[in-house]
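Data block below; observations after.
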Amino acid sequence: DAGVIQSPRHEVTEMGQEVTLRCKPISGHNSLFWYRQTMMRGLELLIYFNNNVPIDDSGMPEDRFSAKMPNASFSTLKIQPSEPRDSAVYFCASSFTLPTDSYEQYFGPGTRLTVT
Amino acid sequence: KNEVEQSPQNLTAQEGEFITINCSYSVGISALHWLQQHPGGGIVSLFMLSSGKKKHGRLIATINIQEKHSSLHITASHPRDSAVYICAVSRSNFGNEKLTFGTGTRLTIIP
């Protein structure tokens, strides 16, 4: 398997522009996670899907952020409008999850976003 | 106070030394994860454990549920072990697999 695939790997955009990050989870995994990593706050969960349904979006910073998972093999994280403070590395991870059980998460390579 | 605390924040050691990184948590968990992040930025899951001890090559992870504490050990450390090691806990609750992360330990192994 190719592992978790993220695109683009690097994105530089101007403040106010829309940014869309993409993720393809590992085939067969039913949980998908979007994380953000910054120097100040470290790794934080933004949103978590299970069986394509958003389960926990308490980490989504504000209405400018939205995430979708239209099917089991694709998810997007959109920022509109983008701001310089959104600059970070965004990781997507996937796992196979059953209720009350924890499973190893596999991380994608990340998308480094720079908003100028 | 963070729910997951790691120590030390930074650790520099000579090649060959035995390394210990500690993680303490303050919440009930279903599992504890140790992750490795290399300078290139990629994150790899090293261990997931809910009790006892796991070993993979030169890496050993232990957890004491009663004391809410875990340790990651590296035997015969090597410069390629230089990375940030991150402890995270999951609290599986009806399928909610939210991970809460520690701030990481930056390990540098000098040849």
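The values are calculated or read from the model by the stated rules, or taken from the named source; none is laboratory data. Bear in mind the structure is a predicted one, so any value in this text is a computation, not a measurement. FYI the Cβ positions are ideal-geometry reconstructions off the backbone, even for glycines, and counts take in every protein chain you see.
The rows are residues; the columns are (1) among the hydroxyl-bearing types (Ser, Thr, Tyr); (2) surrounded by 13 or more Cβ atoms within 10 Å (Cβ to Cβ); (3) at pLDDT 95 or above.
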{"residue": "B:Gln14", "(1), (2), (3)": "no, no, yes"}
{"residue": "B:Phe18", "(1), (2), (3)": "no, no, yes"}
{"residue": "B:Asn22", "(1), (2), (3)": "no, yes, yes"}
{"residue": "B:Ile29", "(1), (2), (3)": "no, yes, no"}
{"residue": "B:His33", "(1), (2), (3)": "no, yes, no"}
{"residue": "B:Gln36", "(1), (2), (3)": "no, yes, yes"}
{"residue": "B:Pro39", "(1), (2), (3)": "no, no, no"}
{"residue": "B:Met48", "(1), (2), (3)": "no, yes, no"}
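If only residues of region B:83-111 that are more than 26 Å from A:Ser95 (Cα to Cα) and touching a Ser or Thr at 6+ places or on another chain (Cβ under 8 Å) are counted, the one that is nearest to the other protein chains (Cβ to nearest Cβ) is B:Leu107. Taking region A:25-43, which residues are of a type in the set (Ser, Thr, Tyr), within 11 Å of another protein chain (Cβ to nearest Cβ) and farther than 17 Å from B:Val4 by Cβ? Across region A:25-43, the qualifying residue is only A:Ser31. Criterion first (loosely packed, with under 14 Cβ neighbours inside 10 Å and assigned to a strand (DSSP E or B)) does A:Pro70 satisfy it? When the stated conditions are applied, A:Pro70 passes them. Criterion first (in contact with a strand residue (DSSP E or B) (Cβ under 6 Å, 6 or more places away or on another chain) and at pLDDT below 95) does A:His10 satisfy it? Answer is no for this residue. How do the pairs read when you match residues in region A:77-93 that are away from chain B (no Cβ under 14 Å) with residues anywhere that are part of a helix (DSSP H, G or I), using Cβ under 6 Å and keeping only pairs 6 or more apart or on different chains? Final answer for the pair search is A:Ile79/A:Asp86.
Can you name the residue in region A:37-49 that is of a type outside the set (Val, Ile, Thr) and assigned to a strand (DSSP E or B) and is also farthest from B:Thr103 (Cα to Cα) among such residues? That would be A:Phe49.
The number of residues in region A:1-11 that are surrounded by 13 or more Cβ atoms within 10 Å (Cβ to Cβ) and either of a type in the set (S, T, N, Q) or part of a strand (DSSP E or B) (or both) comes to 4.
Taken over region A:24-36, the criterion of being crowded, with 21+ Cβ neighbours inside 10 Å and either touching a Leu at 6+ places or on another chain (Cβ under 7 Å) or assigned to a loop (DSSP other than H, G, I, E, B) (or both) is satisfied by A:Pro25, A:Phe33, A:Trp34, A:Tyr35, A:Arg36.
Tell me whether region A:6-24 contains one or more residues that are touching a Cys at 6+ places or on another chain (Cβ under 6 Å), more than 18 Å from B:Phe101 (Cα to Cα) and within 13 Å of chain B (Cβ to nearest Cβ). Yes: one or more hits. Cβ separations smaller than 8 Å between residues 6+ apart or across chains give the following pairs from region B:65-78 residues that are closer than 8 Å to B:Ser24 by Cα to residues that are part of a strand (DSSP E or B) and among the β-branched types (Val, Ile, Thr): B:His69/B:Ile63; B:Ser70/B:Thr62; B:Ser70/B:Ile63. Selection of region B:1-49 for residues being under 23 Å from A:Arg112 (Cα atoms) and touching a Gly at 6+ places or on another chain (Cβ under 6 Å) yields only B:Gly41. Among the residues of region B:50-63, those identified as surrounded by 12 or more Cβ atoms within 10 Å (Cβ to Cβ) and away from every other protein chain (no Cβ under 14 Å) are B:Lys53, B:Lys55, B:Arg58, B:Leu59, B:Ile60, B:Thr62. Can A:Ser94 be described as within 20 Å of A:Pro54 (Cβ to Cβ), part of a strand (DSSP E or B) and at pLDDT 95 or above? It is false that A:Ser94 is within 20 Å of A:Pro54 (Cβ to Cβ), part of a strand (DSSP E or B) and at pLDDT 95 or above.
Checked against (1) surrounded by fewer than 14 Cβ atoms within 10 Å (Cβ to Cβ); (2) within 14 Å of another protein chain (Cβ to nearest Cβ), B:Arg80 passes all but condition (2).
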